[in-house]
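Take a look at the structure set out below.
The values are calculated or read from the model by the stated rules, or taken from the named source; none is laboratory data. Just so it is clear, the model here is predicted, and its values are computed rather than measured. Using ideal geometry, Cβ is built from the backbone for each residue, glycine included, and neighbour counts are taken over all protein chains shown.
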Amino acid sequence: MKYLIVMVAVVVLAGCGSVRKVETGTNKVGERFSMQLEGPWNHVDFPGIKPGQLWTMEGITVDELIIYAGIKDGQVMHPDNAAQTKKQNVVFRRDMPTEKIVSMFESVMTRDDSVFKLLRIEPSSFAGRKGFLFEFERIRRNDNLRQLGFGYGAVDDGELFALVYVAPALTFFPRHQARVEAIAHSALISPPVGAAAPVAILPPPVRVSIGMPGQRLPAVSTAARAVAIPEPK
Amino acid sequence: MKRRQWLHMGCAVCASLAAGGLLAQGDLDYAPPERLARPDAASDEGGLWAMMDREEKNLRRSGLLLRDEQLNRYIQSLACSLAGEHCGDIRVYLVRTPQFNASMAPNGSMQIWSGLLLRVANEAQLAAVIGHEVGHYLQRHSLARLRDIRDKAALGQVLGLFGIAGLVGQVALNATAFAYQRDHEREADRIGAVLMHRAGYSVEESAKVWDGMLQEMRARDGDGATVSPLFATHPPTPERRDSLSAIAALLPGGSAGTESYLTRVSPFLDDWCEDEVKRHQFSESVALFSRLMVASPVAGLMQCYRAEAYRLRGADGDDERALSDYRLATRDGAPLAKAYRGIGLIERQRHRNSEAAQAFRRYLELSPGAPDAGLIRSYLESA
Ligand SMILES: [Zn+2]
Ligand SMILES: [Zn+2]
């Protein structure tokens, strides 16, 4: 009973609870970023997630896909969240090398003192640009949940475009990994308004998946999943 | 009879000096209670114990626990030397979290975070913090406060994301840092000092703990909440440091145990420093590593991590500071892979390609399987 009340209070406090379905097909996020979806996702509107956009398959406490569609030079990553934790702001700079961009994501994901372990970082094409990919393990601070995640990113015309996915290492990460990879492969950055046509569009990334060692990815059903934010019972 | 055993005979003289000061002689004759019995399950206290038992069960499964057997045995035995006959009731858990924190639940389960282990310089300083927490336990200070923490703990289970991690994180942190009343704090400080003195540790070191934390907090405007959730309830005020110094003057002698401490923790320092840098509170980290560099047998490692903090902060002049630290840390060819990587990354940014390539090669030699080896190799190829 107490549990429920607290839950409701927090949801109201955070001003969240706004969930919108994202449909199969081409989805545009921001002015210049688009991707193809097979099967719908839930877009959850959290003030703390800006300037990212938060999508989930299973519910926000389970898995999170964060989309960054053109973070500008000098823009603060998740400023509301930083204010709450009294931690210093993390700011994107257009000339940041890859390791610093990844370090910035790491910072965001350890604001709650979760343990973050980088498993891999390497160059990769992304959204038709030269970019990078990174893979990580995270132990979520408040419930000790072991998560796996990965991200793709690229900087175009001084703006950062990226996808970061994180989900419980058991069940959920393997369940949705291929689906998210497919989204990453389909991502495209369109040229800034008024710019000349892009020089060359690179092919989508190809890579071996992380998952659990020695484990094969399960087949992914493209059928829509029934998804919702879990109700506290 | 039991109480007598606890009286520290050697204290008669030093305690008598307390007369005119803040402390009455009786304050330093602390006699701990007998072992705390498990409360009746039907009682309120019993309910709280049951709750803490559940938390403890979760903690035991936690991926955040430091499970190294030797390190656990070492710190448990240090706690035992302070807790005396309560030793069997106190279970120490080492948690991998880069903040300065220790907490004690009323059922005897105690958490010590790796950020604390990184920040204390010796056994005596660790004993000061553990002794303080044991003081809360022996005097059962936490009972009243635990009630509302129950709600907060439940809340912590509900929301765990990114977006509102701040809110949840704070709640989760608060759940491990019980807010005691101020007079309880003073009492715990005093008991901690007495216990560490009886165990043969220098009480002077306890004041140094808070002094170090004060320095770190001053590295940045703020209330220090990012350095330690403990500060909300245990402000490292000059008064606190001074009153501990006053107690130390009354309880002289004892050892610091610096070498034995560093020997035990040195295998873990690399991980803990890395966690510290990952907090991305670089100015605080710079202050911390600067402090840890002084007269330490692990000065090179600390200097390398100070360089990491400078490099990642990237303020004006930070690249130069970082380079200088990396170079000093590796001056005798010390195999600090991260330092070579750091040199390479900064030189690359400055388009000094051959310097960058040389450092990257050394990095990959020392750390061929590093998670960022792919990235560094690509930098090397394009250098
Ligand atoms: Zn004495
Ligand atoms: Zn205390």
Checklist entry - Looking at this structure, is B:SER283 in contact (Cβ under 8 Å) with a residue 60 or more places away in the chain, within 16 Å of ligand 2 (Cβ to nearest atom) and out of contact with any Phe, Trp or Tyr (no Cβ under 9 Å at 6 or more places or on another chain)? => result no
Checklist entry - Are any of the residues in the range B:214-231 at pLDDT 80 or above and within 15 Å of ligand 2 (Cβ to nearest atom)? => result no
Checklist entry - Across the range B:355-383, what is the total count of residues that are more than 33 Å from the chain's Cα centre (by Cα) and aromatic (Phe, Trp, Tyr)? => result 2
Checklist outcome for this item: Per the list (1) among the aliphatic types (A, V, I, L, M); (2) modelled with pLDDT of 95 or more; (3) in the same structural domain as B:GLU185 (by TED's automatic domain parsing), residue check on B:ALA309 breaks on (3)
Next on the checklist: Taking the conditions exactly as written (among the acidic types (Asp, Glu), over 22 Å from A:LYS117 (Cβ atoms), over 31 Å from the mean Cα position of the chain (by Cα) and surrounded by 16 or more Cβ atoms within 10 Å (Cβ to Cβ)), does B:GLU347 satisfy them or not?
Outcome noted: yes
Checklist entry - Is it the case that B:LEU375 is farther than 24 Å from B:VAL298 by Cα and crowded, with 22+ Cβ neighbours inside 10 Å? => result yes
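Taking the condition within 17 Å of the chain's Cα centre (by Cα), among the hydrophobic types (A, V, I, L, M, F, W, C) and not assigned by TED's automatic domain parsing to the domain that holds B:PHE268, does B:ALA83 pass?
no
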Checklist entry - Only one of B:ALA334, B:ALA307 is closer than 30 Å to B:GLY257 by Cβ, crowded, with 23+ Cβ neighbours inside 10 Å, in contact with a Gly (Cβ under 9 Å, 6 or more places away or on another chain) and aliphatic (A, V, I, L, M); which? => result B:ALA307
Checklist entry - Within the range B:260-280, is even one residue of a type outside the set (D, E, K, R) and modelled with pLDDT under 90? => result yes
Next on the checklist: Quick check on the range B:14-28. Is at least one of its residues within 16 Å of ligand 1 (Cβ to nearest atom) and modelled with pLDDT of 75 or more?
Outcome noted: yes
Checklist entry - In the range A:169-182, is there at least one residue being within 12 Å of chain B (Cβ to nearest Cβ) and touching a strand residue (DSSP E or B) at 6+ places or on another chain (Cβ under 6 Å)? => result yes
Item to check | Search result, residues across the range A:143-174 that are within 14 Å of A:GLU64 (Cβ to Cβ) and aromatic (Phe, Trp, Tyr) | outcome: A:PHE150, A:TYR165, A:PHE172, A:PHE173
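With the condition kept exactly as written, say whether any residue in the range B:339-346 is assigned to a helix (DSSP H, G or I) and farther than 18 Å from B:ASP325 by Cα.
Scanning the range B:339-346 turns up no residue that is assigned to a helix (DSSP H, G or I) and farther than 18 Å from B:ASP325 by Cα.
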Checklist outcome for this item: If we keep only residues of the range B:32-55 that are buried (at least 18 other Cβ atoms within 10 Å of the Cβ) and within 14 Å of chain A (Cβ to nearest Cβ), then the residue farthest from the chain's Cα centre (by Cα) is B:MET51
